[in-house]
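The structure under discussion appears below in the form of structure tokens.
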């Protein structure tokens, strides 16, 4: 039988390598298909999806990009990073870290609320990330009408040092940074996931796995089934993937890796279900109502 290779994009974060190991290693077989990993930062994956010439067959996506590529991609019902208590955080320097001003100017006060971010520089982990979308939605609800902020795009792992050094006024952090920001002398200003949950009652859809619609419904269903079995295998035999997880998370200690997986891989990763689908639809709807996202089709096969 001829085997079709599918370029498969996901990040090096422990939750993704945990879920995808079975699929890309061949421990989970999908007849007629082989999955070739393309490991990259989530924003790099977003940018590839936006470019039809560089689009991956299967890829992790943020909701902001899903809204723009829904005519070409459909969301799979497995592999999503969706849950409660796991949203992005806005962090600032801790007490005593107000930046000194010029000799004839007062110190620059560290913002202590979303409203105080108006006119400030905020480091974000990518223009198209779900974190940025959530920040825009939350800022519109809590800041004065017409207020805005200066978004400074940088890799997620550069954000905390930039905030600590005073290069920006605040940082929007994701991934394992949620566990390590206190070590940089930073404090939480807002938990965007908690704000979302209080507002909607739904889990926060941080990222989802999508496949090109051109693959056809039958192939997409086979990929979804394979990914679901890969996640279940990871839960059943967590040590099987551990060396590969550690290989791609060299800067993280074992405890952080395990906490990361525990936070972002859950029942929604096995099956989105009605609640998971409702959460994705709600985020797309709110983004479109705010004018931040363009109109588009439903994200399902």
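Readers should treat all values here as calculations from the given coordinates under stated rules, not as data from a laboratory. None of these values were measured; they are calculated from a predicted model.
General remarks:
- Note on the range 126-167 and the range 9-32: Cα centroid distance 31 Å, given to the nearest whole angstrom.
- Top of 247, 127, 224 by mean-square fluctuation, Gaussian network on the chain, Cα under 10 Å: 247
- 20 Å-binned pair-distance histogram of the chain (Cα, whole percent): 34, 55, 10, 0
- Nearest-ten-degree value, helix 273-289 long axis tilted from longest Cα axis of the chain: 50 degrees
- Among 14, 182, 88, the residue with the largest mean-square fluctuation in a Gaussian network model of the chain, with springs joining Cα atoms closer than 10 Å, is 182.
- Overall form of the range 37-90 per C-alpha gyration tensor (a/c, 1.5; a/b vs b/c): prolate
- Cα-based helix-to-principal-axis angle, 130-142 vs the chain, degrees rounded to 10: 40 degrees
- Folded to 0 to 90 degrees: helix 217-236 orientation relative to the chain principal axis, Cα: 70 degrees
- Kirkwood-based shape ratio for the range 1-141, expressed as Rg/Rh from alpha carbons: 1.12
- Rg ratio (alpha-carbon, reference 2.2 N^0.38 Å) - the range 89-200: 1.02
- Our summary gives the chain a relative contact order of 32 percent, counting only alpha carbon pairs under 8 angstrom and 6 or more residues apart.
- Choice from 131, 78, 27 with maximal GNM fluctuation in the chain (Cα, 10 Å cutoff): 27
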